[in-house]
Amino acid sequence: DAEAAVQLREDAIAAYDERVAEETFGFFESQFLTADERVLGLPEQVSASDLIVLDEVDPATLSDPLAVLAYIARTDAVTSLVAAKRLDAVVALVGVVPRLSHLKNVHLEQELALARRTSMTSAGLEIERARALRQMFGGFAAALAAGQISPSHVSILVEKCRVVADPDILAAIETLVLPKAPSRSSAPRSTGSPSMAAPCSSLAVVPRRRTTTTPRLVRVVLMLGSLASSVRRARTGR
């Protein structure tokens, strides 16, 4: 009704005025802060406005090493935020599921490759990652948008889970890996340092291998903190 419409309009005006006041106060407040203070004072939650601060602050003027590290970390977080928005746009372009027409799918890959100035193979992998986050890994999508993980974490997740079709197993993988991902590298290392690929691969590979152990007489051993390893046994009578 008319009264509700008036109230809605007044609430919108009040919210706008409050937002403008906060932005104006923040602008003037920033004029009295040093470069170190501006970087170290960035809110914990990453946002697109962080790029303004990163653009205005010359890293060479930062005197505190902690501020330099914070600057580097925030550039990574903003990169993740941009990557999340790009993957959302990819889904908007190609759809959540592939088209029935193969030629249409190839056409979309080609258009994406031209837009991003990359190969069709890279475009196809980007489409795969975008759809996987939308369909199966909502937690990882939110973490990427929040700058808590990197695009590399998403790449290794989708790659290691490509052979898994069971939704319950995929959900278990995300539940296991997501809390550890922000503090782990996205690729395995020979030095023995923790990697997100290890627990992800363990859950993704073991169920598939178990389905083939009977005819091949393979014993599967799941090692803590490492990939699943299989030990072949000689067939009976050999």
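Values quoted throughout were computed directly from the atomic coordinates according to the rules given, and no laboratory measurement underlies them. Treat the numbers as computed from the prediction; the structure is a model and nothing was measured. Cβ: placed from backbone, ideal geometry, glycine included. Neighbour counts: every protein chain shown.
Quick notes
- Gyration tensor verdict on the range 93-148 (Cα atoms; rounded if a/c is under 1.5, prolate if a/b is larger than b/c, oblate otherwise): oblate
- Its Cα centre serving as origin, the range 20-140 has a Cβ charge dipole (Lys and Arg +1, Asp and Glu -1) of approximately 1060 debye.
- On full extension, the segment bounded by Gln45 and Ala12 gains 9.5 nm, given 0.36 nm per residue less the C-alpha separation.
- Spacing of the modelled spin labels on Val96 and Ile169, each 7 Å from Cα toward Cβ, amounts to 2.3 nm.
- Here the label points at Leu176 and Glu111, each 7 Å from Cα along the C-beta direction, are separated by 3.9 nm in the simple model.
- Residues Ala89 and Leu66, FRET efficiency given R0 of 35 Å [Cβ-Cβ distance, rounded to 0.05]: 0.50
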